[in-house]
Amino acid sequence: MNFKVFFAGILIVFLSIGAKAQHELGLHFMKQVGQSALTNPAFISDHVIGVNLASPYINLFNTSLVVNDFLFEIPGTDSLRVDLDPAIERMDDKNNSTFYNLHYDILHLTYRWKNWQYSLSYSLKHNAYANYSKTFADVVWNGNGNYVGQNIEVGPDFQTFLYHEIAAGAAYQFDFGLSVGARVKYLAGVADFSASEDRQSIQLFTDDDIYQITLNTDYVIQSSSFPELDEDFQTIGGEVLELFPHTGNFGKNSGIAFDLGFEFDVNDKLSVAGSVINLGGTISWSENLNNYVSNDEFRYDGIDIGPLIEGDTLDFSAIGDTLSEIFDIQTSTNSSSYKSSLPVKYFLSASYDIDDDLRVGGLIYNETFRGHSHPAFAVFGQMDFLKDKLSLGASASYRNGGTFNLGINGVASIGPVQLFASTDNILSVFSPYQNKNANIRAGLNLLFFPKKNDNAPEE
């Protein structure tokens, strides 16, 4: 196997999500928007027919760093320098997570009949995730000199995957104010590149006498239909369809997931709601498989991992050449199928109508993925104008990692046409290099036959 290509591929995965980042809170509060049912299948529309058209969503989030932690101006010049030491000092010892989500909700249809609402939707989703220790970052950046005489664990966890989602759901509204909903989702995997959840150990020991490096590894990277990388990285970049030729196919990589939810009107003003999204969600990868395995003990003298930066350029070959001497990577194209899980998301919220045009409330959120939890808390307010033709809202949220965000959203309706946009962190627009989180969703919907203040449309 070409080791330089292999380790450069890992670096590209980390770099592609390290400054970027699955949390979406603001959409949950926008109940007049059909896409809010993505956070709770029990949310029922006020219209008989809803045609929710293209609704792209992008989310970038990490728990530890902002760009200004490692990118600095060189005094007297227009140039920038990279220094990860200050950023590494601020990292958690074990759990530093980054997320990147790009979801393209292409079509979402809803139809109400009596007390029932039925839905059908199709989306294309790309998620990426990494979790790494402070020690891992320090060793990659500064080498192993700070850990002489210590046995340290540096194996990172990561996954990047692309999949289709076709969902069908139903919700029922009882006469006493309770609505319940469920949705089943068929998942068709396009491509995956991930560390095995069961085998991701890389232990490094540097002898304090002769400085000999000993590595014990049991580390496996699994991939399905992932694009090959050549030495010049010519296949990196470009359009998604070029990188992933199987994007349009529904092959053997498949799975299923469920969404469950409820909403209960306690009285005319107060309502509570709860949901779980992606329950049991897994994709079984069995097509175009490659496994990369390192499982042995290695001893080397005088090897220096060293920094990745030389001068003003990022040097892939420096680390690639060094690491290729350390790890004995075995490639298997006859690999067994494997499974990966989707992030499971939990929503618990309450809202209160101060009057007909003003609503306030709060949300407790948690997301679990690959053995880690990522909680968040939010409060919101929303006001309607122009006889419900315009709605403006704001939210304040706190996420794990000590991140406080201010979000805004807006909905405008002209006849059957509804336009909306939402972000959980408007501050990232004005100071992108000082924020850990940035996300936005926008969309266009067509709504027909309003049925406000009526449990169901007439037959």
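The values are calculated or read from the model by the stated rules, or taken from the named source; none is laboratory data. These numbers were taken from a predicted model, which means no experiment stands behind them. Heads up, the Cβs are rebuilt from the backbone with ideal geometry, glycines too, and the neighbour counts pull from every protein chain shown. Just the protein is used for accessible areas: all its heavy atoms, side chains included, with ligands, DNA and RNA removed. Shrake-Rupley method; radii C 1.70, N 1.55, O 1.52, S 1.80 Å.
Note on segment 234-251: residues that are over 15 Å from LEU162 (Cα atoms) and either at pLDDT 70 or above or open to solvent by less than 50 Å² (accessible area, probe 1.4 Å) (or both) amount to 1. Restricting attention to segment 334-363, and to residues there that are assigned to a loop (DSSP other than H, G, I, E, B) and of a type in the set (S, T, N, Q), which single residue is nearest to the chain's Cα centre (by Cα)? Ranking the qualifying residues of segment 334-363, first place goes to SER337. ILE221 - would you say it is modelled with pLDDT of 55 or more and within 30 Å of ALA182 (Cβ to Cβ)? No; evaluated as a whole, the condition is false for this residue. Just one of the listed residues (ASN425, ASN366) is part of a loop (DSSP other than H, G, I, E, B) and out of contact with any Asp or Glu (no Cβ under 7 Å at 6 or more places or on another chain), and it is ASN425. Exactly one residue out of PHE420, PHE377 is assigned to a strand (DSSP E or B), open to solvent by less than 30 Å² (accessible area, probe 1.4 Å) and modelled with pLDDT of 90 or more, and it is PHE420. With respect to the conditions (1) within 20 Å of ASN96 (Cα to Cα); (2) modelled with pLDDT of 85 or more, ALA438 falls short on a single one, namely (2).
Matching residues to (1) modelled with pLDDT under 90; (2) of a type outside the set (Lys, Arg); (3) open to solvent by 60 Å² or more (accessible area, probe 1.4 Å):
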{"residue": "SER121", "(1), (2), (3)": "no, yes, no"}
{"residue": "LEU124", "(1), (2), (3)": "no, yes, no"}
{"residue": "ALA128", "(1), (2), (3)": "yes, yes, no"}
{"residue": "LYS134", "(1), (2), (3)": "yes, no, no"}
{"residue": "GLU165", "(1), (2), (3)": "no, yes, no"}
{"residue": "LEU187", "(1), (2), (3)": "no, yes, no"}
{"residue": "GLU197", "(1), (2), (3)": "yes, yes, yes"}
{"residue": "ASP207", "(1), (2), (3)": "yes, yes, no"}
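Taking residues in segment 62-90 that are farther than 22 Å from PHE136 by Cβ and of a type in the set (Val, Ile, Thr), and partners anywhere that are loosely packed, with under 14 Cβ neighbours inside 10 Å and modelled with pLDDT of 70 or more, the pairs with Cβ atoms closer than 8 Å and at least 6 places apart or on different chains are ILE74/ARG81. Every listed requirement among (1) assigned to a strand (DSSP E or B); (2) open to solvent by 30 Å² or more (accessible area, probe 1.4 Å) is met by PHE226 save one, (1).
When segment 280-297 is filtered for residues that are open to solvent by less than 50 Å² (accessible area, probe 1.4 Å) and not polar (S, T, N, Q), the ones remaining, listed by number, are GLY281, ILE283, TRP285, LEU289, TYR292, VAL293. In segment 280-305, of all residues being in a loop (DSSP other than H, G, I, E, B) and within 28 Å of GLU197 (Cα to Cα), the one that is modelled with the lowest pLDDT corresponds to ILE305. Within segment 136-148, restricting attention to residues that are buried (at least 17 other Cβ atoms within 10 Å of the Cβ) and of a type in the set (Val, Ile, Thr), the residue that is modelled with the lowest pLDDT is VAL140.
In summary, helices (runs of 4 or more DSSP H) completely within segment 1-95 and bearing 2 or more residues that are open to solvent by 50 Å² or more (accessible area, probe 1.4 Å) and either farther than 30 Å from SER275 by Cα or at pLDDT 75 or above (or both) occur at 3-18, 85-89. Please work out if LEU314 is open to solvent by less than 30 Å² (accessible area, probe 1.4 Å), at pLDDT below 85 and under 21 Å from VAL139 (Cβ atoms). Criteria not met by LEU314.
Screening segment 441-459 for residues that are hydrophobic (A, V, I, L, M, F, W, C) and out of contact with any Leu (no Cβ under 6 Å at 6 or more places or on another chain) and picking the one that is modelled with the lowest pLDDT gives ALA456. Quick check: is even one residue across segment 100-116 open to solvent by less than 40 Å² (accessible area, probe 1.4 Å) and part of a helix (DSSP H, G or I)? No, segment 100-116 has no match at all. What pairs come up if the first residue lies in segment 133-148 and is assigned to a helix (DSSP H, G or I), the second is basic (Lys, Arg) and surrounded by 20 or more Cβ atoms within 10 Å (Cβ to Cβ), and their beta carbons are under 9 Å apart, counting only those six or more places apart or on different chains? Cβ pairs passing all conditions: none.
Checked against the criterion of being modelled with pLDDT of 50 or more, open to solvent by less than 50 Å² (accessible area, probe 1.4 Å) and in contact with a Lys or Arg (Cβ under 6 Å, 6 or more places away or on another chain), segment 341-357 has at least one qualifying residue.
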